[in-house]
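In what follows, a structure is listed as structure tokens, so that the remarks can point back to it.
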Amino acid sequence: MTEPTSLPDLPPLREVIARHGLDARKALGQHFLFDLNLTRRIARAAGDLTTGTVIEVGPGPGGLTRALLEQGAHVIAIEKDSRCVAALEELGAAFPGQLSVIEGDALKQDMASLGERPRRVVANLPYNVSTGLLIQWLHTIQAFDVLVLMFQKEVADRLWARPGLRGYSRLSVITQWLCEVKPLFDVNPRAFTPPPKVNSAVVRLTPRPEPLLDVPIGAVERVTATLFGQRRKMVRAPLKALGDPETICAACGIDPTHRAEQLPVEAILRVARHVSG
Ligand code: SAM
């Protein structure tokens with residue numbers, strides 16, 4: 001267990017970036033955070049970090065990483081950009097034993113077995129791979145204790161959206177089936193260097209001890225793809241791909257004239273259970 005400490009004497013992040021030539025690369029979704037008040041707020045949203053492991057995807061020059069280390073976290077940071085690794089090693093030297101860096105693609109990492117429990121994921125995600133990463137984590141969600149993630153706002157809104165809201169989608173159903181979703185706060189593009197074109201938001205996902213309904217994830221993926229593929233049609237149309245629509249609706253307590261975008265998460269899960277059983 002590591003007690004939270006105040007930051008050791010670290011060089012300003014802008015200096016680290018200049019010294020290591022870390023000009024931001026669009027292809028890697030690089031938008032860096034320099035404001036320590038903001039990075040501390042993100043780190044604190046994951047709770048007490050002094051036990052277990054924090055996995056950070058995409059530490060970049062280490063702005064958020066500093067805040068995590070300062071909170072006493074043991075951080076495993078996964079970074080694809082080899083240019084950042086030397087800067088992160090310097091940071092690790094200032095917090096002995098608290099930071100390990102894996103150079104590589106987070107999409108190819110099995111994070112479900114990294115480090116000790118409680119296993120938290122805290123990240124300002126690269127937006128081009130954020131939903132891919134989230135879907136991957138949802139597949140092994142019981143391996144994680146909490147996830148505090150920055151997404152582009154449009155994606156964050158999909159995670160907590162309820163029926164009838166514009167963002168209500170496959171991702172809403174799959175995420176809410178497995179996690180409690182708490183939208184925390186929005187972040188203005190000006191907080192990043194360089195600023196992205198869109199707003200961002202930080203969301204906390206807490207895996208449910210049990211999913212809302214016991215159904216194989218493949219069935220939930222298939223049913224949500226089928227229903228939301230034709231989200232504005234009455235569900236009796238897309239349900240034809242899964243069986244007899246009238247039978248499915250009667251068994252699952254669904255009005256066949258409702259549209260997918262109106263159906264509660266639980267109703268969609270009942271369809272998944274029906275077609276998987
Ligand atoms: N955490 C830093 C911060 O808040 O200032 C940087 C966040 S920046 C939005 C995203 C980071 O993810 C970049 O450092 C980028 O190089 C890294 N990255 C992009 N794709 C990645 C991938 N597939 N696996 C691991 N890291 C990736």
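Computed values, structure above
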| read-out | value |
| --- | --- |
| Enumeration of residues in the range 89-133 that are more than 18 Å from GLY63 (Cα to Cα), in a helix (DSSP H, G or I) and away from the ligand (no atom under 13 Å from the Cβ) | ALA112, SER113 |
| Subset of the range 134-156 (residues that are free of Cβ contacts under 8 Å to residues at least 40 places away in the same chain, under 25 Å from THR51 (Cβ atoms) and in a helix (DSSP H, G or I)) | GLN136, TRP137, ALA143 |
| Search result, residues across the range 240-257 that are surrounded by fewer than 16 Cβ atoms within 10 Å (Cβ to Cβ) and part of a loop (DSSP other than H, G, I, E, B) | GLY243, ASP244, GLY253, ASP255, PRO256, THR257 |
| Residues satisfying the stated conditions in the range 28-68, i.e. free of Cβ contacts under 8 Å to residues at least 60 places away in the same chain and more than 8 Å from the ligand (Cβ to nearest atom) | LEU36, ASN37, ARG40, ARG44, ASP48, THR50, ARG66, ALA67, LEU68 |
| Residue match in the range 164-185 (condition: within 16 Å of the ligand (Cβ to nearest atom) and part of a loop (DSSP other than H, G, I, E, B)) | no |
| GLU266 being of a type outside the set (A, V, I, L, M, F, W, C), in a helix (DSSP H, G or I), in contact (Cβ under 8 Å) with a residue 12 or more places away in the chain and under 17 Å from ARG158 (Cβ atoms) | no |
| Per-region count, the range 167-191, residues out of contact with any strand residue (DSSP E or B) (no Cβ under 6 Å at 6 or more places or on another chain), basic (Lys, Arg) and within 24 Å of THR39 (Cβ to Cβ) | 1 |
| Which listed residue is over 20 Å from PHE34 (Cα atoms), over 20 Å from the mean Cα position of the chain (by Cα) and surrounded by fewer than 24 Cβ atoms within 10 Å (Cβ to Cβ), from SER100, SER113 | SER100 |
| Leading residue by the ranking (nearest to the ligand (Cβ to nearest atom)) among those in the range 76-88 that are surrounded by 12 or more Cβ atoms within 10 Å (Cβ to Cβ) and part of a helix (DSSP H, G or I) | CYS84 |
| Residue identified as out of contact with any strand residue (DSSP E or B) (no Cβ under 8 Å at 6 or more places or on another chain) and either at pLDDT 95 or above or of a type outside the set (A, V, I, L, M, F, W, C) (or both) among GLU15, GLU79, GLU56 | GLU15 |
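The values are calculated or read from the model by the stated rules, or taken from the named source; none is laboratory data. Since we're looking at a predicted model, the values are computed, not measured. Positions of Cβ are backbone-derived with ideal geometry, glycine not excepted, and every protein chain shown enters the neighbour counts.
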